[in-house]
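Bear in mind these aren't lab numbers, they're just calculated from the coordinates by the rules spelled out. Since the structure is predicted, the reported quantities are computational estimates derived from the model, not experimental observations. Quick reminder, even Gly has a Cβ in these numbers, built from the backbone with ideal geometry, and neighbours come from all protein chains shown.
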Amino acid sequence: MNNIDKKQEILKAYQFRYATKEFDPTKRISDEDFEFILETGRLSPSSIGSEPWKFLVVENEELRQKLKAVSWGAQRQLPTASHFVILLARTDVRYDSDYILDIYKNVQKMPEDILEQMIHGLKTFQEDFHLLENKRYLFDWASKQTYIPLANMMTAAAQIGIDSCPIEGFNYDQVHDILKNEGFLEDGKFDVSVMVAFGYRIDEPKREKTRKSLDQVVQWAR
């Protein structure tokens, strides 16, 4: 496949994807296809390679019902989606946290002589962005990172004909309490960021995709 065909295939996937409100409950995504979708999330980039996320795949029907009661934006998706994912963001991403040290030492395999420089650089970065002034600022920074794998997973799904819908329509405190009680927040190391449903559309979209024109959203500083 040449570059022109590749570009057309990618753009076709973007045209195909829409915020699917209801899925065909009789169709399930294969394990192979969903592992592929999750892998595109795992391989997604993050600020300073921090990977401050966890992908919670909600298959338990009782848990889905609990979430449905407090998620006004997922009323049709939760009962019908083949797979439903809650992206959790880490709360322990300070430059001096055990988590960051583990990422640098055991995941990125950073040499000891570089480690101190990296931690100092991250401290400077977090100070420059005022992330250390408030725990919420730091969590919001981590939460923003989860939108990168969110987008990548939705695009990857569209490229293999699978539908999706990102969901922010939920009561944050109530979802937090449900997941905390279920033990998914790991004693406060994670919190809720965003949700996404995957499956196969039961209906075609009622209208064509609409977006602003390119010249309305792009400005060149030449």
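Structural descriptor for segment 83-145: relative contact order 46 percent, calculated from alpha carbon pairs under 8 angstrom and at least 6 residues apart.
Just add up the charged neighbours of Asp96: K/R +1, D/E -1, any other residue whose Cβ is under 13 Å from the Cβ of Asp96. Spelling it out: positives minus negatives among the neighbours equals -3. Looking only at Trp53, Trp141, Trp72, which one moves most when the chain is put into a Gaussian network model with springs between Cα atoms under 10 Å? Result for the chain, Cα springs under 10 Å: Trp72 fluctuates most. Distance between the modelled labels on Tyr147 and Glu127, one decimal in nanometres: 2.8 nm (7 Å Cα→Cβ projection).
For segment 72-222, taking Cα atoms only, Rg and Dmax work out to 19.4, 58 Å respectively.
Taking R0 as 45 Å, what FRET efficiency do you get between Arg28 and Asn2 from their Cβ-Cβ distance, rounded to the nearest 0.05? Plugging the Cβ-Cβ distance into 1/(1 + (r/R0)^6) gives 0.85.
Rank Ala197, Tyr137, Val85 by how far each Cα sits towards the positive end of the charge dipole of the chain (+1 on Lys, Arg Cβ; -1 on Asp, Glu Cβ) and give me just the farthest. Farthest along the dipole direction, towards plus: Ala197. Computed about its Cα centre, the charge dipole of segment 77-122 is approximately 280 debye, with only Lys, Arg, Asp and Glu carrying charge at their Cβ. What length, rounded to one decimal in nm, is gained on full extension from Glu112 through to Asp173, with 0.36 nm per residue of separation minus their alpha-carbon distance? Roughly 17.9 nm would be gained on extension. The helix-based estimate of mean residue ellipticity at 222 nm for the chain, built from -39,500 (n - 2.57) per DSSP H run of four or more residues and divided by its residue count, is -13500 deg cm²/dmol to the nearest 500.
Simple spin-label estimate for Asn181 and Gln216 gives 4.5 nm between the two label positions (7 Å along the Cα-to-Cβ direction from each Cα).
Against the main long axis of the alpha-carbon atoms of the chain, helix 112-128 sits at an angle near 70°.
Choose one answer from Phe23, Phe170, Phe125: the residue with the largest mean-square fluctuation in a GNM of the chain with alpha-carbon springs under 10 Å. Result for the chain, Cα springs under 10 Å: Phe125 fluctuates most. Stretching the chain fully between Leu11 and Asp140 yields a gain of 43.4 nm (0.36 nm per residue, less the alpha carbon separation). Ranked by the mean number of other Cβ atoms within 10 Å of their residues, highest first, the peptides 157-167, 33-43, 81-91 fall in the order 81-91, 157-167, 33-43.
Ordering Ser213, Ala19, Ser97 by Cα displacement along the dipole of the chain toward the positive end leaves Ser213 in first place; charges were set at the Cβ atoms of Lys, Arg (+1) and Asp, Glu (-1).
As a length-normalised measure over Cα pairs under 8 Å and 6 or more apart, the relative contact order of the chain settles at 34 percent.
Summing Cβ point charges (Lys, Arg +1; Asp, Glu -1) relative to the Cα centre of segment 119-222 gives a dipole of roughly 480 debye. Treating the angle as unsigned and between 0 and 90°, give the value, to the nearest 10°, between the Cα long axis of helix 3-16 and the longest Cα principal axis of the chain. For helix 3-16, the angle is close to 70 degrees. Counting only aspartates and glutamates at least 8 places from Lys180 when in the same chain, those with an alpha carbon closer than 14 Å to its own are Asp191. Counting only lysines at least 8 places from Lys206 when in the same chain, those with an alpha carbon closer than 24 Å to its own are Lys12, Lys21, Lys27. Partners of Lys123 within straight-line reach, counting lysines whose Cα lies under 28 Å from its Cα and excluding those fewer than 8 residues away in the same chain: Lys54, Lys105, Lys109, Lys135, Lys144, Lys189. Each Cα pair under 8 Å and six or more residues apart adds its sequence gap; the mean of these over the residue count of segment 37-136 is a relative contact order of 25 percent.
Between Gln15, Gln117, Gln75, the GNM of the chain built on Cα springs shorter than 10 angstrom shows Gln117 fluctuating the most. Looking at the P(r) of segment 1-42, how many percent of alpha-carbon pairs lie beyond 11 Å? The share of Cα pairs beyond 11 Å in segment 1-42 comes to 75 percent. In a reduced charge model with +1 at each Lys and Arg Cβ and -1 at each Asp and Glu Cβ, the chain shows a dipole moment near 1000 debye about its Cα centre.
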